[in-house]
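Below is one structure; the comments refer to it alone.
The values are calculated or read from the model by the stated rules, or taken from the named source; none is laboratory data. Owing to the predicted nature of the structure, the values given are computational and were not obtained by experimental measurement. Using ideal geometry, Cβ is built from the backbone for each residue, glycine included, and neighbour counts are taken over all protein chains shown.
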Amino acid sequence: MKLVSYKTEDREHLGVYVNGHIYNLNSCDKLIPDNMNEFLCGGNELMEHAKRVNQDIVNGNIQAKEELFYELLAPVPHPTSCRDGYAFRQHVATARRNRNVDMLPEFDQYPIFYFTNHNAIQGPGEIECMPDHFEQLDFELEVAVVLNKKGRNIKAADADSYIAGYMIMNDMSARTLQMEEMLLNLGPAKGKDFSTVIGPWLVTPDELEPYKAAPKSGHTGATYNLEMKCLINGKQVSYGNMADMDWTFAEIIERCAYGCDVLPGDVIGSGTVGSGCFLELNGTGLLENSSYQPQWLQPNDLVEMEITGLGILGNIIKKSESDFSILALKK
């Protein structure tokens, strides 16, 4: 099942995407709330209601309301929180090699994550960026999950049952701001908090069963053989596979939930797949060829991310009319 959030006449709704069409769930079953946040709080019970409606639509058993004029939003427009992991060893190792620093042994000991701005979630469409963001503006090709159960001290062996579904995620990054901030060892802030893109829909785990793969040796949890790629203005720049995750979402959730609650509506990203951003690609290019020309996102670029089973997430990068710069405020 593919769940979507969309807007008609400035009101947000919850729907299912079936054969190229969007149908409102609440109009088919009044027990299903008409927004994603309330729906996720209903856990597995509401999920089963939605699956029954979805199957009835597929089978032609009900006359569901098809939406004709709508704006597609992020599947989870208002997450309760947004964390991003660091699950792909290839990305971490390559990025560190390109900076001429050794791989961290701690990567193989435990999964990590950081909190990003859950109020800066966006879906398909235009992404407006400030002037300073265009100082080495980058994409990051990732997978994300959203939870639909509350939990604490969850073991990895049980953690997959907390996942409502999977989405494409683009962790937008302003690298000049990020690299300056990281010198102070506090983690990313203004380099990350302006836009995190998810979409185009939320795909429930049952749809991904045909792609299920074994986790890496010594790891616990589900992963999937899903090809991942990113195209900029129609040219493919990145390719990877979700099955290359070293740390599973189950293991990341286990760490997230240690000593604190995770909640329905929490979004968790995988971290960048190997080759999944310009920072890594530029570093490798320069390492192999000193005359390599680094590439960064520019105004009016079209960014398209495609992941098997999860769809295509498309965005156009737009430049704000404002000339305000925080880089210019440095003492």
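Filtering region 205-215 to residues that are in a loop (DSSP other than H, G, I, E, B) and loosely packed, with under 15 Cβ neighbours inside 10 Å leaves only ALA214.
For THR176, the conditions (1) part of a strand (DSSP E or B); (2) in contact (Cβ under 8 Å) with a residue 24 or more places away in the chain; (3) among the polar types (S, T, N, Q) all hold with the exception of (1). Among the residues of region 232-258, those identified as surrounded by 17 or more Cβ atoms within 10 Å (Cβ to Cβ) and within 17 Å of GLN298 (Cβ to Cβ) are ILE232, VAL237, SER238. Does region 173-217 hold any residues that are out of contact with any Leu (no Cβ under 8 Å at 6 or more places or on another chain) and hydroxyl-bearing (Ser, Thr, Tyr), and which are they? Selection gives SER195, THR196, SER217. When the residues of region 23-81 are filtered to those that are small (Gly, Ala, Ser) and farther than 15 Å from GLY165 by Cβ, the one that is surrounded by the most Cβ atoms within 10 Å (Cβ to Cβ) is ALA64. Within region 82-93, the set of residues being surrounded by fewer than 19 Cβ atoms within 10 Å (Cβ to Cβ) and in contact (Cβ under 8 Å) with a residue 24 or more places away in the chain comprises ARG89, GLN90. A single member of ALA64, ALA144, ALA87, ALA159 is outside any helix (DSSP H, G or I), under 30 Å from HIS13 (Cα atoms) and at pLDDT 95 or above, and it is ALA144. The set of residues in region 20-44 that are of a type in the set (A, V, I, L, M) and touching a residue at least 40 places away in the same chain (Cβ under 8 Å) comprises ILE22, MET36, LEU40.
This table checks each residue for (1) at positive phi; (2) in contact with an Asp or Glu (Cβ under 8 Å, 6 or more places away or on another chain); (3) among the aromatic types (Phe, Trp, Tyr); (4) not assigned by TED's automatic domain parsing to the domain that holds ALA50.
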site: ASN100; (1), (2), (3), (4): yes, no, no, yes
site: ASN117; (1), (2), (3), (4): no, yes, no, yes
site: HIS133; (1), (2), (3), (4): no, no, no, yes
site: ASP138; (1), (2), (3), (4): no, no, no, yes
site: GLU142; (1), (2), (3), (4): no, yes, no, yes
site: VAL145; (1), (2), (3), (4): no, no, no, yes
site: LYS155; (1), (2), (3), (4): no, yes, no, yes
site: ASP158; (1), (2), (3), (4): no, no, no, yes
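Among all positions in region 293-307, there is no residue which is crowded, with 22+ Cβ neighbours inside 10 Å, in the same structural domain as ASP160 (by TED's automatic domain parsing), in contact with a Pro (Cβ under 9 Å, 6 or more places away or on another chain) and at pLDDT 95 or above.
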